[in-house]
Amino acid sequence: MAATAPASAPVATTWAIELDGVSHRYGSSRALIDLDLSVPWDQRVAILGPNGAGKTTLLRILATLVRPTAGRAIIGGLTLPAQAAAVRRHVGFLAHQTFLYDELTARENLVFYGRLYGVKDPAHRADTLLDLVGLAHRANTRTRTLSRGLQQRLALARAIIHDPAILLLDEPETGLDLAGAGLLDRLMVDDAGRPRTVLLTTHNLERALDIAHRVVVLVQGRLALDRPVAATSARELSAVIRGEREAW
Ligand code: ATP
């Protein structure tokens, strides 16, 4: 696996993501506790853990939507929160919310986001992505009338509108049919066919082992396991997630 920064990277660093002692509190509740994590370029990392473990909070920090309450976060060599605006140009985020405008059509949503990100030809980009996610025939449908899974496909297109080198996917398979799940594999590379650095959360252990190079388990906001996929199994992951095995 190449660990060199992609040509589009803001800084030629070895690491796409570096977290050093990152913590996050919501009031008195601790969602992430002293997390260290370094992800090289091109690596795909599955973030696993029980409900409430801090997975979404971690992705929201990396997407610059939430500020860590302690620690240091560097994305593509840029430091958060000071360089958050620059980080957003290199990061795509698929969240639980679609961030789509209900009253706009599928195509209008993508053109809108294309303009927002300064994409060169937003209309052409929108058509390319509608085709990629299998929505070309629904381009002019108002978004609120699209089914849940079709909205998820459109949200995936929105997440890569600016061809980001780093992709953050929070339970991306929610609502997708089998073909939609296969579509995720195509999002793992950028427009030039270069692998993206991907962090994705899922509760599907087999799928995580299938997609990712590395698995990270969070339990109650702490790192409980960090392993190459080749060195673990669904059984081990399940035991750590259920708290049946000591964290390390
Ligand atoms: P799930 O698998 O259920 O999606 P998760 O691992 O993504 O869970 P988070 O959503 O990151 O977990 O939540 C971590 C903790 O932070 C939980 O205890 C949750 O209740 C709390 N939390 C998350 N968002 C907020 C918020 N906006 N305000 C207060 N507490 C929050």
- Message: Could you tell me what a quarter of the Cα convex hull surface of the chain works out to, in nm² with one decimal place?
- Response: 13.1
- Query: Which Cα, out of ALA85, MET188, ALA212, lies furthest along the positive dipole direction of the chain (beta carbon charges, K/R +1, D/E -1)?
  - Reply: ALA85
- With labels modelled as points extended 7 Å from the Cα through the Cβ direction, what inter-label distance (nm, one decimal) is found for THR69 paired with SER147? 4.2
- Quick one: among THR56, THR145, THR202, which has the greatest mean-square fluctuation in a GNM of the chain with alpha-carbon springs under 10 angstrom? THR145
- Query: Which ³J(HN,Hα) values, rounded to whole Hz and listed in residue order, are derived for segment 71-78 from phi using the Karplus coefficients 6.51, -1.76 and 1.60 in 6.51 cos²θ - 1.76 cosθ + 1.60 with θ = phi - 60°, glycine and proline given as x?
  - Reply: x, 10, 10, 10, 10, x, x, 9
- So how tilted is helix 122-132 from the main axis of the chain? Cα-based, degrees 0 to 90, rounded to 10. 70
- Query: Which of LEU48, ALA63, ALA73 sits farthest toward the positive end of the charge dipole of segment 31-81, with +1 on the Cβ of Lys and Arg and -1 on the Cβ of Asp and Glu?
  - Reply: ALA63
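Take the chain, mark every one of the GluC sites (Glu not before Pro) that falls in a DSSP loop and has at most 12 other Cβ within 10 Å, then report the longest stretch left between them, sites excluded.
Numbers: sites that count: GLU103, GLU244, GLU246.
Longest stretch, sites excluded: 104-243.
Using the Cα centre of segment 68-122 as the reference point, and only Cβ charges (+1 on K/R, -1 on D/E), how large is the resulting charge dipole? Debye, rounded to the nearest 20. Mind dumping the intermediate values first?
Numbers: 6 positive and 4 negative charges, 66 e Å.
Around 320 debye, computed over segment 68-122.
Rounded to the nearest 20 Debye, what is the dipole magnitude of the chain about its Cα centre when Lys and Arg each give +1 and Asp and Glu each give -1 at the C-beta? Don't skip to the answer; put the middle values down first.
Values: 29 positive and 25 negative charges, 96 e Å.
In debye, rounded to 20, the chain gives about 460.
Are there any trypsin sites (Lys or Arg not before Pro) in segment 50-120 that are in a DSSP loop and have at most 12 other Cβ atoms within 10 Å? List them by number. Write out the running numbers ahead of the final one.
Values: sites: LYS55, ARG60, ARG72, ARG88, ARG89, ARG107, ARG115, LYS120; in loops: ARG89, LYS120.
Of the trypsin sites (Lys or Arg not before Pro), the ones in loops of segment 50-120 whose Cβ has at most 12 other Cβ atoms within 10 Å are LYS120.
Write down the percent of antiparallel bridges among all DSSP beta bridges whose residues are both part of the chain, to the nearest 5.
Values: 24 of 41 bridges.
So the antiparallel bridges amount to about 60 percent of the total.
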- Using only the Cα atoms of segment 130-223, build the gyration tensor, take square roots of its eigenvalues as a ≥ b ≥ c, and label the shape rounded, prolate or oblate: rounded if a/c is under 1.5, else prolate if a/b is larger than b/c, else oblate. prolate
- Query: Computed on alpha carbon atoms, what radius of gyration and Dmax characterise segment 1-84, expressed in Å?
  - Reply: 13.1, 42
- Note on the structure: Env charge @ SER38, Cβ radius under 12 Å, K,R +1 / D,E -1, value -2
- Item | Fluctuation leader among GLN151, GLN97, GLN220 - the chain, Gaussian network, Cα springs under 10 angstrom | GLN97
- So the angle from the long Cα axis of helix 106-116 to the longest Cα principal axis of the chain, reported in degrees to the nearest 10, equals 70
- Note on the structure: Averaged per residue, the 1.4 Å probe accessible area of segment 33-174, protein heavy atoms only, in Å², is roughly 41
- Task: Return the single residue from ARG138, ARG153, ARG44 with maximal mean-square fluctuation; model: Gaussian network over the chain, springs between Cα atoms under 10 Å.
- Result: ARG138
- Within the set of other residues whose C-beta is less than 10 Å from the C-beta of ASN140, count the net charge using Lys and Arg as +1 and Asp and Glu as -1. +2
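Dipole size in debye (nearest 20) for segment 1-100 around its Cα centre, Lys and Arg Cβ +1, Asp and Glu Cβ -1? Walk me through the numbers before you get to the answer.
Values: 9 positive and 5 negative charges, 70 e Å.
The dipole magnitude comes to about 340 debye.
The values are calculated or read from the model by the stated rules, or taken from the named source; none is laboratory data. The structure displayed is predicted, hence computed values, not measured ones. Using ideal geometry, Cβ is built from the backbone for each residue, glycine included, and neighbour counts are taken over all protein chains shown. These area figures cover heavy atoms from the full protein model, side chains too; ligands, DNA and RNA do not enter into them. Shrake-Rupley method; radii C 1.70, N 1.55, O 1.52, S 1.80 Å.
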